[in-house]
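The values are calculated or read from the model by the stated rules, or taken from the named source; none is laboratory data. The model shown is predicted, which means the values in this text are computed figures rather than measured ones. Neighbour counts run over all protein chains shown; Cβ positions are idealised from the backbone, glycine included.
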């Protein structure tokens, strides 16, 4: 690991200690300042490979991801409550400090989706929608204007807050449906969706996330698309990293690592069109992408040639 990488890791570990010592992660001047500094530290492109860090730093990273997830949830709840106090909440949605990031991420994910889906899907599931379902709102408002969005969250309060945001909207109130359910308890309904989005914070460690991905692989319709978020370089201190080989039962179609203020990498994969029982018997292992194979790395802003083939390592970190 180079000197610059060592300095970055040291700085992130110091910031973890400061964040971990906070009495509360609810939005406040100190909380906002520390997380802003952390994001700005991890945002620049970095060659750091989190899988090669020592055990102590790996443990700090795992704890930091959970703290980031908790703080993000509290921030969304805070702003969802504020927005819910307005007569028409969506008219004021840009008060959320990271709304522009979601706007860019929505455009990115829609652009990627269109490369692999010849028509606008009629039904999409978003797993882990939370109290402020900005991805669904952005996509439904700007890009997929006839699609129904089925938002899944385990927290009834989160769904209640989210529903309040769209209930007064004449269009989205009809196309945004909220289900209070653990996705691990949803099976038959998953076959209804042409696309499933998996939020970055569903599965706060890779073991949890793989369990969810395996469940989706078992119950999604053959040929359906899975869109999920990962992280690359130093951004992997903020969010879990999904490796392509974790996507058992799916063909990875493309991976995109943003270098701007959009933090999450975007991965799109297609469920293999084979019977579910074949997966259970392990026959699908012959079809899984290998660690050293080539995949298409997608650059939606590469004008003219929308798909750029690169020989890259299949792990996304």
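Return the pairs, sorted by first residue and then second, in which the second residue is surrounded by fewer than 11 Cβ atoms within 10 Å (Cβ to Cβ) and assigned to a helix (DSSP H, G or I), the first residue lies in segment 4-30 and is touching a residue at least 24 places away in the same chain (Cβ under 8 Å), the beta carbons are less than 9 Å apart, and the residues are 6+ apart or on different chains.
Taking only residues 6 or more apart or on different chains, the pairs are 13/56.
List the strands (runs of 3 or more DSSP E) inside segment 73-190, counting only whole elements, that have at least 3 residues being over 15 Å from the mean Cα position of the chain (by Cα). Lay out the reasoning, then the answer.
Working: elements: 123-127, 148-153, 176-180.
Answer list for segment 73-190: 148-153, 176-180.
Taking residue 101 as the residue in question, decide whether it is more than 19 Å from residue 269 (Cα to Cα), crowded, with 17+ Cβ neighbours inside 10 Å and at pLDDT below 95.
Yes: the conditions hold for residue 101.
Can you give me the number of residues within segment 220-245 that are surrounded by 18 or more Cβ atoms within 10 Å (Cβ to Cβ) and either touching a helix residue (DSSP H, G or I) at 6+ places or on another chain (Cβ under 7 Å) or more than 20 Å from residue 63 (Cα to Cα) (or both)?
Selection size over segment 220-245: 16.
Return a yes/no flag: does segment 126-138 have any residue that is at positive phi and assigned by TED's automatic domain parsing to the domain that holds residue 237. Steps first, answer last, please.
First, pick out the residues of segment 126-138 that are at positive phi: 128, 130.
Pick out the ones that are also assigned by TED's automatic domain parsing to the domain that holds residue 237 and you get 128, 130.
Yes, because at least one residue in segment 126-138 is at positive phi and assigned by TED's automatic domain parsing to the domain that holds residue 237.
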